[in-house]
Protein chains: 2
Amino acid sequence: MKLISKAKAFGGEQRVYRHQSKVTGTEMECAVFMPRQALEGFLCPTLFYLSGLTCSWEEVTMQGLPQMHAAKHGMIFVAPDTSPRGDNVADDSAYDLGQAASFYLNASEQPWADHYQMEDYLTSELPALLVDALPVDEDAIGICGHSMGGHGALTLALRHPSVFHSVSAFAPITNPCACPWGRKAFEVYLGADESLWQTHDACVLVGTAGWKGDILIDQGLADEYLEEQLKPWAFEKACREAGVDLTLRLHGGYDHYYHFIASFMADHMEWHALRLE
Amino acid sequence: MKLISKAKAFGGEQRVYRHQSKVTGTEMECAVFMPRQALEGFLCPTLFYLSGLTCSWEEVTMQGLPQMHAAKHGMIFVAPDTSPRGDNVADDSAYDLGQAASFYLNASEQPWADHYQMEDYLTSELPALLVDALPVDEDAIGICGHSMGGHGALTLALRHPSVFHSVSAFAPITNPCACPWGRKAFEVYLGADESLWQTHDACVLVGTAGWKGDILIDQGLADEYLEEQLKPWAFEKACREAGVDLTLRLHGGYDHYYHFIASFMADHMEWHALRLE
């Protein structure tokens, strides 16, 4: 974990790390906000935030203002990258495939499988690296995310409840098997067998795996992707049928982007803080 | 005032306008956050924020998170551009001269004088346009800014106390006649006569013009420009000698950039809200 930048913020420190990943076979970057308590060495609850298509760790770090709320709650805030990157890493000219569009799974198909192993990276390698290097309380790690990253947060939490102890999302892709973004990515990364796709679909997973706690989702109703790609009502129904306690907040007038995320970041951070204490 | 984008944020609306400026002879862009009260048509106190070198309205709008605090206080937040722009507008390859580096004055020298009339734009044309189009309370307009924009805020407030009723700054250039950024810009925009420069130097102006209220400045002590360019102690001394009540907060560990600004944005917004009511 090589520190490549740092800046004081809200009494803590916003850092960016770079490290060689054995899992992806590439260098990975990751932004970490350290509240004052973490700088003083106290074990801290930690929130992972997975970003959406076309983004990196940078947008939420600079535009979501997580630092204010993380400082208030004494939480470490971790923003990983959205995929492996590099000249030798498979890519696609489409914005919704390849670099910055990993969908946070382990690809089984070539040419993707060599580097696109984001599920292992985010649920095993990166948490271990962070716990080793920083005062991350491994028994108090939560996960949230936006859009493709909301899909990542929901599915990684549901598939790895021993790693993630709380989960929330902003405008997540909830039912990827039934939307164009998800179907395109799953076919390319996972192959033609749709039964495998279902193990990465939050609407299916919440029924098969359940969830030990409750779930928070915020969704803007002026979001251009609401009907075709995000389908929060599908997840609401799946949670209700599975007996999982979902809070789904639908916000008139809000769109898909960072003003929407920033508007509700405080609520998500408090939600996780209350559940990770 | 043509609306070119909008997004809901914190119950209000973040807008970007474009308009033809008679003063600069160019199209100008300007970001405006409208709190809920303004959307409902109530006259609102309004804060102008002038950005620093290399920036436009965009950085503070996306990275400073003024919307949260403006919504809380029911204030309109206006982020103008840092200079006229365009292919037909004089420019320089240096980052500290030309487009995005106007120093917020009326240039008297060519080739700058044709378009670089930012003082008239910000103190006359833009306030009038905003008051005409939006529920801006013209008797409750404050101004703040960062770095070159801190210089702009201080000097425009001191030179136009009937326009701006409160003033604060983040890491401002306080004594441009005595720092490289200021001396370079003033010679190019105003010519060789240094007596003219002094009428745009906050340290001089606070002694000659005084100020009707108090002034807030935040300054990071890990700011790379502190000693050579910003010199807050020069302004502290000038205010003390002029009998003007300055609050100068020096923050160990903070640098010059947006994590610093965001960390103290809430305090500046509250400062202006309390003085503009």
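Of note:
- Expressed per residue, the C-alpha convex hull volume of the stretch A:66-155 stands at 122 Å³.
- Net charge dipole size for chain A [Lys, Arg +1 and Asp, Glu -1 on Cβ; Debye, nearest 20]: 640
- When Rg and the Kirkwood radius Rh are both evaluated on Cα atoms of the stretch A:11-94, their ratio Rg/Rh stands at 1.03.
- Relative contact order (%) - chain B, alpha-carbon pairs under 8 angstrom, separation at least six: 17
- Among the residues of A:55-63, the average count of other protein chain beta-carbon atoms within 10 Å of the residue beta-carbon is 2.
- When all protein chains stay in place and ligands, DNA and RNA are ignored, the 1.4 Å accessible-area order of B:LEU39, A:LEU230, largest first, is B:LEU39, A:LEU230.
- Compactness ratio for chain A: Cα radius of gyration over 2.2 N^0.38 Å (N = residue count) comes to 0.92.
- Calculated FRET value between A:GLN110 and A:THR208, using beta carbons and R₀ = 35 Å, to 0.05: 0.80
- For chymotrypsin sites (Phe, Trp or Tyr not before Pro), the sites in the stretch B:74-172 that DSSP calls loop and that have at most 14 other Cβ atoms within 10 Å are B:TYR95.
- For the stretch B:118-123, Karplus couplings with θ = phi - 60° (6.51, -1.76, 1.60), whole Hz, Gly/Pro x: 6, 5, 5, 4, 7, 9
- 3J(HN,Hα) along the stretch A:102-109: 6, 6, 6, 10, 8, 6, 9, 9 Hz, from the Karplus curve 6.51 cos²θ - 1.76 cosθ + 1.60 with θ = phi - 60°, whole Hz, x for Gly and Pro.
- Using the Karplus relation 6.51 cos²θ - 1.76 cosθ + 1.60 with θ = phi - 60°, the per-residue 3J(HN,Hα) values for the stretch B:175-189 come to 9, x, 5, 10, 9, x, 4, x, 5, 4, 5, 5, 4, 6, 7 Hz, with x marking Gly and Pro.
- Calculated FRET efficiency for the pair A:ARG18/B:GLU58, C-beta based, R₀ 30 Å, to 0.05: 0.65
- Exposure here means at most 15 other Cβ atoms within 10 Å; with trypsin sites (Lys or Arg not before Pro) in a DSSP loop as sites, the longest stretch of chain B lacking them is B:23-211.
- Loop-located GluC sites (Glu not before Pro) in the stretch B:203-257, at most 14 other Cβ atoms within 10 Å (DSSP): B:GLU224
- Each 10 Å bin, from zero up to the one with the longest distance, holds this percent of the alpha carbon pairs of the protein assembly as shown: 4, 18, 25, 23, 17, 10, 3, 0.
- For A:CYS203, the accessible surface of its heavy atoms amounts to roughly 20 Å² (probe 1.4 Å, protein chains only, rounded to the nearest 10).
- Mean separation of Cα pairs under 8 Å and 6 or more residues apart, divided by the residue count, gives the stretch B:131-277 a relative contact order of 24 percent.
- Inter-part distance, the stretch B:1-72 to the stretch A:83-146, computed on C-alpha centroids, equals 36 Å.
- Inter-chain Cβ neighbour average for residues A:258-269, partner chain, 10 Å: 4
- Annotated for chain B: lysine pairs at least 8 residues apart or interchain, Cα distance under 26 Å, count 8.
- Reduction of at least 20 Å² in accessible surface, 1.4 Å probe, comparing all protein chains with the chain by itself, residues of the stretch A:65-85: A:LEU65, A:MET68
- Extended-chain gain in nm, criterion 0.36 nm per residue less alpha-carbon gap, A:LYS72 and A:GLU277: 72.4 nm
- Computed on the stretch B:73-168, with alpha-carbon pairs under 8 angstrom and 6+ residues apart, the relative contact order is 21 percent.
- Percent breakdown of C-alpha pair distances by 5 Å bin, ordered from the shortest bin, for the stretch A:42-196: 2, 10, 19, 23, 21, 14, 7, 4, 1, 0
- Nearest-first distances (nm) between copies at A:ARG183, label 7 Å from Cα via Cβ: 6.8
- Choice from A:ALA209, A:ALA133, A:ALA31 with maximal GNM fluctuation in chain A (Cα, 10 Å cutoff): A:ALA133
- Among the chymotrypsin sites (Phe, Trp or Tyr not before Pro) within the stretch B:1-76, those in coil by DSSP and having at most 14 neighbouring Cβ atoms inside 10 Å are B:PHE42.
- Rounded if a/c under 1.5, otherwise prolate or oblate - the stretch B:157-277, Cα gyration tensor axes: oblate
- FRET efficiency for B:GLU224 and B:SER195, using Cβ-Cβ distance with R0 set to 30 Å, rounded to 0.05: 0.45
- Nm distances between copies for A:THR199, ranked from closest, using label points 7 Å along Cα→Cβ: 7.7
- Relative to the other identical copies, A:LEU221 shows label-point distances of 5.1 nm, where the label point lies 7 Å from Cα along the Cβ direction and values run shortest first.
- Among chain A residues, the one whose Cβ is nearest the axis of the rotation from A to B, given with its distance rounded to whole Å, is A:LEU65, 2.
- Value of [θ]222 nm, deg cm²/dmol, for the protein assembly as shown, DSSP H segments ≥ 4, -39500 (n - 2.57) each, nearest 500: -9000 deg cm²/dmol
The values are calculated or read from the model by the stated rules, or taken from the named source; none is laboratory data. No experiment lies behind these values; they were computed from the predicted model shown. Because the Cβ atoms are built from the backbone with ideal geometry, glycine has one as well, and the counts that use them run over all protein chains shown. These area figures cover heavy atoms from the full protein model, side chains too; ligands, DNA and RNA do not enter into them. Shrake-Rupley method; radii C 1.70, N 1.55, O 1.52, S 1.80 Å.
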